[in-house]
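One structure is given below, encoded as structure tokens.
The values are calculated or read from the model by the stated rules, or taken from the named source; none is laboratory data. Not measured: the values here are computed from a predicted model. Cβ placement follows ideal geometry from the backbone for every residue including glycine, while neighbour counts extend to all protein chains displayed.
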Amino acid sequence: MLDIKLIRENPDFVRKGLAAKKEKDRIGEILTLDEERRTLIFAVEELKAKKNQASAKIPQMKKAGEDASALLAEMKGVSDEVTSKDKRVSEIEEAINNILAYIPNLPHESVPVGMSAEENVEVRRWLPEGYKFEPDFKPLDHIQLGKKLNILDFERGAKVTGSGFPIYKGKGATLERALINFFLDMHINEHGYEEIFPPFLVNRDSMKGTGQIPKMEEDMYFIEKDGLYPIPTAEVPITNIYRDEVLAEKDLPVKYAGYSACFRREAGSYGKDSKGFLRVHQFNKVEMVKFVQPETSYDELEKLVKNAEDILQALQVPYRILMLCTGDLSFSAAKCYDIEVWSPAEQKWLEASSCSNFEGFQARRANIKFRKEENKKLEYIHTLNGSGLATSRLMVSLLENCQTPEGTIGIPKPLQKYTGFSIIG
RNA sequence: GGAGAGUUGGCAGAGUGGUUGAAUGCGGCGGUCUUGAAAACCGUUAAGGAUGUAAGUCCUUCCGGGGUUCGAAUCCCUGACUCUCCGCCA
């Protein structure tokens with residue numbers, strides 16, 4: 001949610017930011033409604049003041065034995081007017097909020113302006129020593145490997161549930177579990193995060209708080225009977241931990257890391273990169289979430305990306321970091337880095353992590369504040385989050401990169417104590 | 001699933017129709033005292049909104065929504081959540 005005051009006072013600045021995000025301009029509409037709202041509030045508050053004065057006077061008159069019936073009758077009329085004007089005010093406010101709820105965050109000034117993913121900027125890349133993008137032998141892709149080694153079963157997953165619900169089997173299941181534990185241990189023991197195991201279903205307020213709803217509603221699963229949403233990422237429950245709360249500045253930054261299964265309908269994206277793990281409806285992810293002071297949020301974003309990179313380096317997985325351009329930024333993000341891992345079989349980069357600074361956008365939606373030490377005032381907090389990491393696409397890269405010419409998989413050293421084996425096949 | 005109790009300020013807790021934004025205690029902040037600290041004492045202590053350069057003035061808010069009334073923390077309806085007992089259950 002953007003700050004209505006910012007829109008009121010700096011409409012052109014807001015327009016410019018939204019245009020860079022390819023957003024249609026509804027600022028004029030908001031300004032008109034906002035003007036109407038304030039006029040109305042001025043009138044209704046005058047009436048309410050009158051009413052309050054009468055409410056104080058009536059018992060006095062009664063005590064003094066005077067006749068208050070004329071005043072009573074007058075107030076009846078005032079009351080009715082207040083009711084109808086109040087109703088109109090809340091209608092206008094609802095209209096404003098309805099528009100505001102669909103308006104995305106403004107991009108940070110450091111974000112390159114661009115129309116689409118084509119214009120994202122590669123910031124850096126990291127490759128294991130002596131890494132070759134084209135291996136000496138013809139690599140099998142992750143689906144072939146999964147089948148050959150009997151560790152992944154996409155077909156039966158589709159039978160049991162539907163397409164995009166993979167089954168991990170035997171050492172594949174163990175590897176998946178090992179990855180999750182490895183990620184969590186690293187964030188907790190080395191990066192200073194506190195572990196959270198969140199609920200996998202959340203209510204509507206939580207989905208609104210982090211910005212998935214209303215705009216991305218179509219991409220969310222929904223359990224109608226209970227009004228609950230299976231989470232698309234642990235970002236939702238973890239960020240909403242502090243919804244409608246005030247944190248103490250001395251406790252910041254608050255850093256949480258948590259595993260969750262993630263559920264996404266991926267509506268409208270059928271047929272696009274949909275084979276195997278490339279696009280699934282359920283996957284596993286460890287998410288890092290931070291609550292920080294506004295002044296520090298961009299430093300914290302850089303650290304967040306490094307925390308994710310540490311994992312890939314430990315696993316010797318080739319990756320690159322992209323700074324998303326304005327046109328590719330997600331709804332709530334002010335700035336975002338994607339981390340993409342290399343798939344030798346696909347011969348392309350696959351998104352495995354997304355690290356974003358939301359500034360106060362989610363905090364305003366979710367009403368998360370902190371109290372400044374300095375002047376004891378309340379201020380909206382800045383929230384950030386990043387995958388560290390999602391296993392599915394990483395699994396593609398990992399299996400393909402760790403395969404031997406014989407078609408077996410060598411488990412990276414740091415993972416072995418989690419898997420209990422060093423080779424699959 | 002059945003029956004009952006509850007939800008008030010940072011916390012604890014009073015308050016059942018009339019200047020109650022709300023007693024009291026604790027905590028927080030400022031001060032007096034003290035070499036310093038503690039204790040004691042005094043004062044202070046919400047958020048959001050409208051308006052204004054500002055000081056200020058006004059409005060709203062006692063879990064959410066609706067209603068009764070000139071007037072609601074207080075009465076009625078409804079929803080959410082919490083707790084207790086019973087049933088079921090990994």
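Does A:Arg88 satisfy being basic (Lys, Arg) and closer than 25 Å to A:Ala366 by Cα? It is false that A:Arg88 is basic (Lys, Arg) and closer than 25 Å to A:Ala366 by Cα. Could you grab me the full set of residues in region A:125-171 that are at positive phi and in contact (Cβ under 8 Å) with a residue 12 or more places away in the chain? The answer is A:Asn150, A:Gly162, A:Gly164, A:Gly170.
If you go through region A:92-123 and pick out every residue that is among the charged types (D, E, K, R), within 16 Å of RNA strand B (Cβ to nearest atom) and surrounded by 13 or more Cβ atoms within 10 Å (Cβ to Cβ), you end up with 1. Somewhere in region A:370-390, is a residue in contact (Cβ under 8 Å) with a residue 24 or more places away in the chain, surrounded by 24 or more Cβ atoms within 10 Å (Cβ to Cβ) and in a helix (DSSP H, G or I)? The answer is no; no qualifying residue exists.
Examine region A:210-220 for a residue that is acidic (Asp, Glu), crowded, with 19+ Cβ neighbours inside 10 Å and modelled with pLDDT of 90 or more, and state whether such a residue exists. No, region A:210-220 contains no residue that is acidic (Asp, Glu), crowded, with 19+ Cβ neighbours inside 10 Å and modelled with pLDDT of 90 or more.
Residues checked against (1) in the same structural domain as A:Gln212 (by TED's automatic domain parsing); (2) modelled with pLDDT of 90 or more:
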position	(1), (2)
A:Ser69	no, no
A:Ala73	no, no
A:Lys76	no, no
A:Lys87	no, no
A:Glu91	no, no
A:Pro112	no, yes
A:Val121	yes, yes
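Could you grab the pairs with beta carbons closer than 8 Å, sequence gap of 6+ or different chains, first residue in region A:49-70 and near RNA strand B (Cβ under 8 Å from one of its atoms), second one among the small types (Gly, Ala, Ser) and part of a helix (DSSP H, G or I)? Every condition considered, the pairs that remain are A:Lys51/A:Ser79. Could you list, in sequence order, the residues of region A:129-143 that are under 27 Å from A:Arg177 (Cβ atoms) and either hydrophobic (A, V, I, L, M, F, W, C) or at pLDDT 95 or above (or both)? Within region A:129-143, A:Leu140, A:Ile143 qualify.
For (1) of a type in the set (Asp, Glu); (2) out of contact with any Phe, Trp or Tyr (no Cβ under 7 Å at 6 or more places or on another chain); (3) within 30 Å of A:Ser332 (Cα to Cα); (4) not in a helix (DSSP H, G or I), each residue gets a yes or a no:
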residue: A:Glu29; (1), (2), (3), (4): yes, yes, yes, no
residue: A:Thr39; (1), (2), (3), (4): no, yes, no, no
residue: A:Lys50; (1), (2), (3), (4): no, yes, no, no
residue: A:Gly65; (1), (2), (3), (4): no, yes, no, yes
residue: A:Leu71; (1), (2), (3), (4): no, yes, no, no
residue: A:Asp80; (1), (2), (3), (4): yes, yes, no, no
residue: A:Ser84; (1), (2), (3), (4): no, yes, no, no
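In this structure, does A:Ile223 turn out to be surrounded by fewer than 22 Cβ atoms within 10 Å (Cβ to Cβ) and closer than 20 Å to A:Asn357 by Cα? No: the conditions fail for A:Ile223. When A:Ala363, A:Ala333 are screened for being in a helix (DSSP H, G or I), within 18 Å of the chain's Cα centre (by Cα) and assigned by TED's automatic domain parsing to the domain that holds A:Val280, only A:Ala363 passes.
If the condition is being assigned to a helix (DSSP H, G or I) and under 16 Å from A:Ser392 (Cα atoms), then region A:159-174 contributes A:Lys171, A:Gly172, A:Ala173, A:Thr174. Taking region A:8-25 as the range and being assigned to a loop (DSSP other than H, G, I, E, B) and either surrounded by 15 or more Cβ atoms within 10 Å (Cβ to Cβ) or assigned by TED's automatic domain parsing to the domain that holds A:Gly327 (or both) as the test, the residues that pass are A:Lys21, A:Glu23. Taking the condition of a type in the set (A, V, I, L, M, F, W, C), within 30 Å of A:Ile99 (Cα to Cα) and assigned by TED's automatic domain parsing to the domain that holds A:Phe361, does A:Val202 pass? When the stated conditions are applied, A:Val202 passes them. Test A:Lys21 against the stated conditions and say whether it is in contact with a Pro (Cβ under 8 Å, 6 or more places away or on another chain) and either modelled with pLDDT of 90 or more or away from RNA strand B (no atom under 12 Å from the Cβ) (or both). Spelling it out, A:Lys21 is indeed in contact with a Pro (Cβ under 8 Å, 6 or more places away or on another chain) and either modelled with pLDDT of 90 or more or away from RNA strand B (no atom under 12 Å from the Cβ) (or both).
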